[in-house]
1. What are the residues whose amide H is under 5 Å from the amide H of Lys372, where those residues sit 5 or more places off or on another chain and H is modelled from the backbone?
2. Please report Rg over Rh for the chain, where both radii come from the alpha carbon positions and Rh follows the Kirkwood definition.
3. If r is the Cβ-Cβ distance from Val70 to Arg130 and R0 is 25 Å, what FRET efficiency results, to the nearest 0.05?
4. With bins 10 Å wide starting at 0, give me the P(r) of region 98-163 over every alpha carbon pair, in whole percents.
5. Quick one: angle between helix 345-362 and the longest Cα principal axis of the chain, in degrees between 0 and 90, rounded to 10, please.
6. Roughly what would the spin-label model give for Asp293 and Arg49, points 7 Å off Cα along C-beta, in nm?
7. What is the gain in length, in nm to one decimal, between Ser209 and Glu341 on full extension, counting 0.36 nm per residue of separation less the C-alpha to C-alpha distance?
8. Starting from region 77-126, pick out the chymotrypsin sites (Phe, Trp or Tyr not before Pro) whose DSSP state is loop and whose Cβ has at most 15 other Cβ atoms within 10 Å.
Amino acid sequence: MKFYGRKREIQVLQRLFDSDGLQTAVVYGRRRIGKSELIKKVIKDQNIRCLYYECKQTTEMNNVESLAAVTAESYGFPNLAFNGIEELLRFIFRQSFNEPIILVLDEYPYLRASVKGLDSILQSLIDEFRESARLKFILCGSYIDVMKSLLDSANPLYGRIDRTICLKAMDYKESSEFYPEFSNRDKVRLYSVFGGIPYYNRLIDSSLSVRENITELIASPGARLENEVSMYLKSEISKITNANEVIEALAKGYSRFSDILSQSHVSSSPTLSDVLDKLMRMEIVEKISPVNDENNKRKTGYYICDHLSDFYYRYCFRYASQMNFMESNAFYERFILNDFESSYVPRHFETVCRQYLINMNREGKTDEPFEKIGKYWYDDPVTRTNGEFDLVTLDAKGYIFYEAKFRKDPVTQKMIDEEIRQVEKTGLNCYRYGFISASGFEDISGENLILKDLDDLYE
């Protein structure tokens with residue numbers, strides 16, 4: 001199976017394996033994000049003995065016996081017997097006196113739950129063998145709260161972790177490597193549904209259309225990913241009803257705290273705050289403040305950033321009864337098609353455009369490097385209304401306004417002039433205007449314009 005992306009993370013692990021002495025790393029991130037595949041990819045290219053063990057939700061001794069079997073097989077030893085995990089790990093640490101060893105404990109939270117004080121045990125071993133062992137020790141896990149706790153100052157392992165990788169979803173460009181046969185326009189559509197999760201993107205079938213992939217994988221009874229979102233939520237959240245209420249409100253377009261509270265039927269503000277905090281730690285929801293008023297809580301919004309969750313709650317969860325008794329194509333036509341093309345994909349196209357601009361900025365390919373990117377809040381004193389522009393950058397010269405257009409027809413001069421007039425009415429002082437069009441442009445002229453199309457985004 002071909003491996004895509006993750007160049008920076010591969011370099012971090014490679015430096016870990018190339019370094020001398022005892023090195024400890026923590027690799028964590030949400031389920032399906034590709035942590036295990038990343039580690040296995042880098043290990044495959046090493047000329048070092050590797051002990052890779054996936055911890056199990058079982059007793060300490062069951063895990064000890066399984067890890068001992070992996071160790072014995074690697075060395076060609078007869079069956080090894082140990083009284084507990086500390087004795088086994090001590091044996092592995094000592095074995096690294098003679099040669100470098102890579103030890104990976106995948107799904108570490110499972111083992112941690114079955115062994116009281118395991119973090120302290122590891123801290124003691126790392127301190128004891130810091131000067132003598134040549135072990136490259138990796139703790140990997142999907143339970144984000146547990147894995148983050150290993151880095152807290154109150155944890156025994158604090159100060160013993162040499163490298164940390166928090167694996168995030170891929171951006172639109174890396175994700176498109178999984179489905180190169182599709183047109184750039186369809187790549188945007190696929191990314192708007194399956195996002196940057198490698199596991200989901202590997203399931204996309206290039207012999208099917210975008211619509212067929214969506215129907216086969218998520219929008220039909222018994223689909224491969226039909227229960228994926230709910231299973232992920234249940235693995236991390238005990239009161240799933242509150243989470244369902246909140247995410248459904250977000251999927252309907254409610255983003256302000258007060259609106260979410262009234263629409264979701266969650267019992268209180270503290271309860272809603274707890275749910276939102278948990279969803280943000282799970283990287284399902286993100287909190288966004290305007291670039292021109294970052295500390296104003298009233299102007300802060302909450303948005304679904306996990307694309308599959310957004311699609312699932314907008315269509316599948318909301319219309320679950322209809323999906324279960326309607327023919328799949330009829331369901332897609334009735335409840336998905338029009339909204340998907342006119343609202344859902346255009347909104348996620350803004351995310352694609354924001355990622356494109358960030359990538360260009362990091363690579364030094366913008367005329368002026370910007371320091372902020374995001375939404376811009378404005379008040380209109382004439383109409384006594386307020387609103388926000390979705391994509392604005394701020395650099396040393398001032399603001400650049402961007403408009404992302406996912407339309408069938410090209411962007412025209414008339415459309416650009418109208419957009420600029422609307423921006424000027426709000427008092428936003430821009431020194432340039434950018435337009436990113438999925439269908440290109442038609443007869444455009446004028447100064448201080450930045451014009452980009454899909455070929456620019458995917459070159």
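1. Under 5 Å from the amide H of Lys372: Leu394.
2. 1.01
3. 0.55
4. Taking all Cα pairs of region 98-163, the binned fractions are 19, 57, 22, 2 percent.
5. That helix lies at roughly 70 degrees to the long axis.
6. Each label point is offset 7 Å from its Cα along the Cβ direction, giving 6.4 nm.
7. 46.1 nm
8. In loop regions of region 77-126 (DSSP not H, G, I, E or B), the sparsely surrounded chymotrypsin sites (Phe, Trp or Tyr not before Pro) are Phe97.
The values are calculated or read from the model by the stated rules, or taken from the named source; none is laboratory data. These figures come from a predicted structure and were not determined experimentally. Cβ atoms come from the backbone with ideal geometry, glycine included; neighbour counts cover every protein chain shown. What goes into the accessible areas is simple: the full protein's heavy atoms, side chains included, and nothing from ligands, DNA or RNA. Shrake-Rupley method; radii C 1.70, N 1.55, O 1.52, S 1.80 Å.
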